[in-house]
1. Right, Glu35: within 15 Å of Ile89 (Cα to Cα), part of a helix (DSSP H, G or I) and among the acidic types (Asp, Glu) or not?
2. Consider the stretch 261-310. How many of its residues are within 16 Å of the ligand (Cβ to nearest atom) and part of a helix (DSSP H, G or I)?
3. Counting only residues that are outside any helix (DSSP H, G or I) and of a type in the set (A, V, I, L, M, F, W, C), how many does the stretch 234-245 have?
4. From the list Glu123, Glu144, Glu169, which one is within 15 Å of the ligand (Cβ to nearest atom), at pLDDT 95 or above and either over 25 Å from Asn11 (Cα atoms) or among the charged types (D, E, K, R) (or both)?
5. Mind checking which helices (runs of 4 or more DSSP H) fall wholly inside the stretch 45-118 and carry at least 3 residues that are under 30 Å from Thr165 (Cα atoms), among the hydrophobic types (A, V, I, L, M, F, W, C) and in contact (Cβ under 8 Å) with a residue 12 or more places away in the chain?
6. So which residues in the stretch 114-129 are more than 18 Å from Ile184 (Cβ to Cβ) and among the aliphatic types (A, V, I, L, M), if there are any at all?
7. When you look at Glu154, is it buried (at least 21 other Cβ atoms within 10 Å of the Cβ) and modelled with pLDDT under 95, yes or no?
Amino acid sequence: MTSYKELGLVNTREMFAKAVAGGYAIPAFNFNTMEQMQAIVQAAVECKSPVIMQVSKGARAYANGTILRYMAQGAVEYAKELGCENPQIVLHLDHGDSFEICKECIDNGFSSVMIDGSHLPYEENIALTKKVVEYAHAHDVTVEAELGVLAGVEDEVSSEVSHYTKPEEVVDFSTRSGCDSLAISIGTSHGAYKFTREQCTIDPQTGKLVPPPLAFDILAEIEKQLPGFPIVLHGSSSVPQDEVDTINQFGGKLPDAVGIPEEQLRKASESAVCKINIDSDSRLAMTAAIRKHFAENPGHFDPRQYLKPARENMKKMYVHKIVNVLGSNDKL
Ligand SMILES: [Zn+2]
């Protein structure tokens with residue numbers, strides 16, 4: 001049993017309360033590799049931002065859960081070395097799908113877990129969430145639950161259709177489950193292909209796809225039902241067109257990749273949305289830099305040569321999100 005407190009990590013309780021009151025959102029960046037972790041910490045320290053480093057089932061399968069936990073501990077020490085006296089770093093399980101996996105993470109240094117029972121019938125989602133909450137709270141770990149279903153593909157999580165969260169259910173769900181934050185479905189979607197061509201309109205000037213707007217009316221109704229309660233948005237990458245263009249220019253093939261416009265995420269950050277999940281944008285930033293590097297330096301074969309620009313490009317993206325989209329800078 002390793003408590004996250006021994007690792008220098010924090011849970012989400014205090015940072016969410018401050019974010020809701022302050023009208024900004026905490027970045028939740030997924031990580032799988034050392035370069036991603038370094039870029040996340042560098043960006044958070046430079047911007048003086050709290051940060052959630054999150055680990056999906058796919059990340060645990062790829063990198064090993066134990067290694068990721070020590071990387072999170074390393075992230076705290078690295079932040080201090082970079083001059084941050086009091087880093088606010090959360091290690092969060094993204095899309096836990098069973099009580100057992102949540103318990104395993106809580107027992108091994110995670111400070112926050114998500115139990116995703118959104119695919120279950122309503123009462124079963126409450127019962128599973130409540131079971132996780134009871135165990136987590138006994139260890140001062142915070143719990144994110146999900147109500148409503150997001151479309152798209154993220155590691156092992158996938159759904160073809162979305163079901164918007166029903167505002168009339170949120171009070172009953174959060175009260176009876178005891179969750180600390182609630183992921184909702186208002187039109188965001190997992191992955192780099194969030195919308196089909198048919199769901200989008202075409203910008204007449206650029207010819208680019210314009211995604212359907214988020215359901216801000218539903219978000220407003222949820223806030224009215226649960227004033228001040230921390231709300232989470234999954235699937236909130238913006239799929240930056242310049243990164244997609246770079247990838248396609250240097251041999252990639254990502255036609256019609258489309259994300260959530262940053263203006264909409266900025267607007268959501270100013271509301272009760274206090275955690276915004278970003279994964280695909282980091283993947284795109286890394287891949288764009290590596291493809292460009294290889295095209296321009298065909299003789300290179302030392303991973304440090306192409307992972308360095310990849311790390312720099314990810315850091316640039318993280319800084320941009322923190323400062324220009326989420327507004328979590330200068331909050332430490
Ligand atoms: Zn998600």
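1. Details: within 15 Å of Ile89 (Cα to Cα): no; part of a helix (DSSP H, G or I): yes; among the acidic types (Asp, Glu): yes.
Considered against the rule, which asks whether it is within 15 Å of Ile89 (Cα to Cα), part of a helix (DSSP H, G or I) and among the acidic types (Asp, Glu), Glu35 comes out as no.
2. First, pick out the residues of the stretch 261-310 that are within 16 Å of the ligand (Cβ to nearest atom): 265, 268, 273-283.
Among the residues that remain, those that are also part of a helix (DSSP H, G or I) are: 265, 268, 280-283.
Residues that pass the stated criteria total 6.
3. Within the stretch 234-245, the first condition is being outside any helix (DSSP H, G or I), and the residues that meet it are 234-240.
Adding the requirement that they be of a type in the set (A, V, I, L, M, F, W, C) leaves 239.
Selection size over the stretch 234-245: 1.
4. Details: Glu123 fails: within 15 Å of the ligand (Cβ to nearest atom); Glu169 fails: within 15 Å of the ligand (Cβ to nearest atom).
On inspection, the qualifying residue turns out to be Glu144.
5. Values: elements: 57-63, 65-81, 99-107.
Output list reads 99-107.
6. Hit for the stretch 114-129 is Ala127, nothing else.
7. Values: buried (at least 21 other Cβ atoms within 10 Å of the Cβ): yes; modelled with pLDDT under 95: yes.
So Glu154 fits the description; yes.
Quick grid of which residues meet (1) in a loop (DSSP other than H, G, I, E, B); (2) free of Cβ contacts under 8 Å to residues at least 40 places away in the same chain; (3) more than 19 Å from Asp180 (Cβ to Cβ):
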site: Leu214; (1), (2), (3): yes, no, yes
site: Val232; (1), (2), (3): no, no, no
site: Ile247; (1), (2), (3): no, no, yes
site: Lys253; (1), (2), (3): yes, yes, yes
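The values are calculated or read from the model by the stated rules, or taken from the named source; none is laboratory data. Since this is a predicted model, take the numbers as computed values, not measurements. We place every Cβ from the backbone using ideal geometry, glycine too, and count neighbours over all the protein chains shown.
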